[in-house]
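One structure is given here, and the rest of the page talks about it.
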Amino acid sequence: MKETITVSESFPITSDKLYKAWLNSKEHSSFTGSKAIISKELNRKFTAWDGYISGKNLILEPNKRIVQSWRATDFPDKHPDSFIEIIFEPKKAGTKITLKHSGIPEGMGKDYKKGWKDFYFKPMKDYFNK
């Protein structure tokens, strides 16, 4: 059985800056602290966290939503890619991101929820609060 998780966090910048940063190799690498090769173009493949993560841009709604296929090197070989949907919601003091990660291999959801918080949202908070 596949698992789905949802995590949210608010950031003190506009949704357009946050959206663009997610799809920019240099900024994505800077806010995670690990190498990312990513594109702002539809159907382009990407890697993040020094190749630990790979996938493809499936839906790009500028400043509003990103949907990507997503897999990590620790997925079982025959397990299909999972999917992430990132919603950018403008708020008075910045932007709220809600990330829904679906199709996670059974038993791995709890670790991925913690991973999104520890390895994405926490370093992003530090980066964008500078």
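The values are calculated or read from the model by the stated rules, or taken from the named source; none is laboratory data. Keep in mind that this is a model prediction, so the values were computed, not measured. Using ideal geometry, Cβ is built from the backbone for each residue, glycine included, and neighbour counts are taken over all protein chains shown. Surface accessibility is based on the protein's heavy atoms, side chains included, excluding ligands, DNA and RNA. Shrake-Rupley method; radii C 1.70, N 1.55, O 1.52, S 1.80 Å.
Structure data summary
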| item | result |
| --- | --- |
| Most positive-pole-ward Cα, GLY55, TRP70, PHE88, against dipole of segment 38-92 from beta carbon charges | PHE88 |
| Spatially proximal aspartates and glutamates relative to LYS35 (Cα-Cα < 17 Å; intrachain offsets below 8 disregarded) | GLU27, ASP50, ASP118 |
| Three-way shape call for segment 23-84 based on the alpha-carbon gyration tensor, with the a/c threshold at 1.5 | oblate |
| Where N is the number of residues in the chain, Cα Rg divided by 2.2 N^0.38 Å | 0.99 |
| Solvent exposure of the chain as accessible area per residue, Å², 1.4 Å probe | 57 Å² |
| Of LYS2/LYS91; LYS64/LYS130; LYS2/LYS117; LYS92/LYS117, pairs whose Cα-Cα distance is over 26 Å | LYS2/LYS91 |
| Given 15 as the ceiling on other Cβ atoms within 10 Å, longest exposed-site-free region of the chain for GluC sites (Glu not before Pro) in DSSP loops | 42-105 |
| Nonlocal amide H pairs with PHE75, under 5 Å, H built at 1.01 Å | none |
| Segment 37-48 - phi-based ³J(HN,Hα) in whole Hz, Karplus 6.51/-1.76/1.60, Gly and Pro as x | 10, 9, 10, 8, 9, 5, 6, 8, 7, 9, 9, 8 |
